[in-house]
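Participant: This is the structure I have questions about; it appears just below.
No lab work stands behind these numbers, since they all come straight from the coordinates. This structure is a prediction, so every number in the text was calculated from the model and none was measured. Cβ coordinates were reconstructed from backbone atoms using ideal geometry, including for glycine residues, and neighbour counts include every protein chain displayed.
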């Protein structure tokens, strides 16, 4: 796998820090320079087509399709300001610290234990404290439920909480209105089942 995206980061870092003595293969050095340039363009301009046009004018020796390939690789390898994935970065950082802690535990030397204590401190800072959970203010609001009874061309609203305070005779009448209805004839039942 000679693709740039599968190269070790030490090679890429070495090329960025010292381009004249680059450990990166010669055929991939101009590609990396173009990708870094394209990623910087994305920070200034989030529109894909504009970045391709600027990138193609900056490197006239490449074709437009190669400019699109460079842009795609730049978006894949380098996050721009507009598309920074904080959750991915944070999970990567936590995994890296945890892997370092495991390696230090396996070494079992004094220096490794000192590093282990520092890594635990860093891990605690990265994870941080649990955020305070703010309760939803609407959850504590009282919800009113009403029975709507229509009788004699008027609608009566009865609060469910007030049903306990209603006299028994009135409560009985309300139940009769709520649960009573016109009885269904056999013809109407057949019509409902056949529809």
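Participant: Once label points are set 7 Å from the Cα along Cα→Cβ at both residue 5 and residue 21, what is their separation, rounded to one decimal in nm?
Facilitator: Once both label points are built, they end up 3.2 nm from each other.
Participant: May I ask you to derive the FRET efficiency for residue 33 and residue 110 from their Cβ-Cβ distance with R0 = 45 Å, giving the value to the nearest 0.05? Please report the intermediate quantities before stating the final value.
Facilitator: Details: r = 44 Å, r/R0 = 0.98.
For residue 33 and residue 110, the calculated efficiency is 0.55.
Participant: While we're on this one: Grab the Cα-Cα distance for residue 78 and residue 154, subtract it from 0.36 nm times how many residues apart they are, and report the gain in nm with one decimal. If you can, show how the numbers build up before the last one.
Facilitator: Values: separation 76, 0.36 × 76 = 27.36 nm, distance 6.80 nm.
Using 0.36 nm per residue and subtracting the Cα-Cα distance, I get 20.6 nm.
Participant: To continue, here is another question. Could you calculate the contour length gain from residue 93 to residue 187, that is, 0.36 nm times the residue separation minus the distance between their Cα atoms, to one decimal place in nm? Don't jump to the answer; show the numbers that get you there.
Facilitator: Details: separation 94, 0.36 × 94 = 33.84 nm, distance 7.23 nm.
Separation in residues times 0.36 nm, less the Cα-Cα distance, equals 26.6 nm.
Participant: Between rounded, prolate and oblate, where does segment 86-127 land on the alpha carbon gyration tensor, with a ≥ b ≥ c its root eigenvalues, rounded for a/c under 1.5, else prolate if a/b exceeds b/c?
Facilitator: Details: a/c = 4.54, a/b = 2.06, b/c = 2.21.
Since a/c reaches 1.5 but b/c is at least a/b, the shape of segment 86-127 is classed as oblate.
Participant: Among 113-123, 36-46, 146-156, how do they line up by average Cβ neighbours within 10 Å per residue, starting with the highest? Show your work: numbers first, answer last.
Facilitator: Numbers: 113-123: 13.9, 36-46: 17.1, 146-156: 9.5.
Listed from highest to lowest mean packing, they are 36-46, 113-123, 146-156.
Participant: Taking 0.36 nm per intervening residue step and subtracting the Cα-Cα distance, what contour gain separates residue 66 from residue 169 on full extension? If you can, show how the numbers build up before the last one.
Facilitator: Details: separation 103, 0.36 × 103 = 37.08 nm, distance 8.55 nm.
Result for the pair: 28.5 nm of gain on full extension.
Participant: To continue, here is another question. Would you work out if segment 4-77 is rounded, prolate or oblate? Take a ≥ b ≥ c from the square roots of the eigenvalues of the alpha-carbon gyration tensor; rounded if a/c is under 1.5, else prolate when a/b is larger than b/c, oblate otherwise. Let's see the in-between values first.
Facilitator: Details: a/c = 2.08, a/b = 1.77, b/c = 1.18.
The shape class here is prolate.
Participant: Arranged by the count of other C-beta atoms within 10 angstrom, fewest first, what order do 97, 127 take?
Facilitator: On the way: 97 18, 127 12.
Ascending Cβ contact count within 10 Å gives the list 127, 97.
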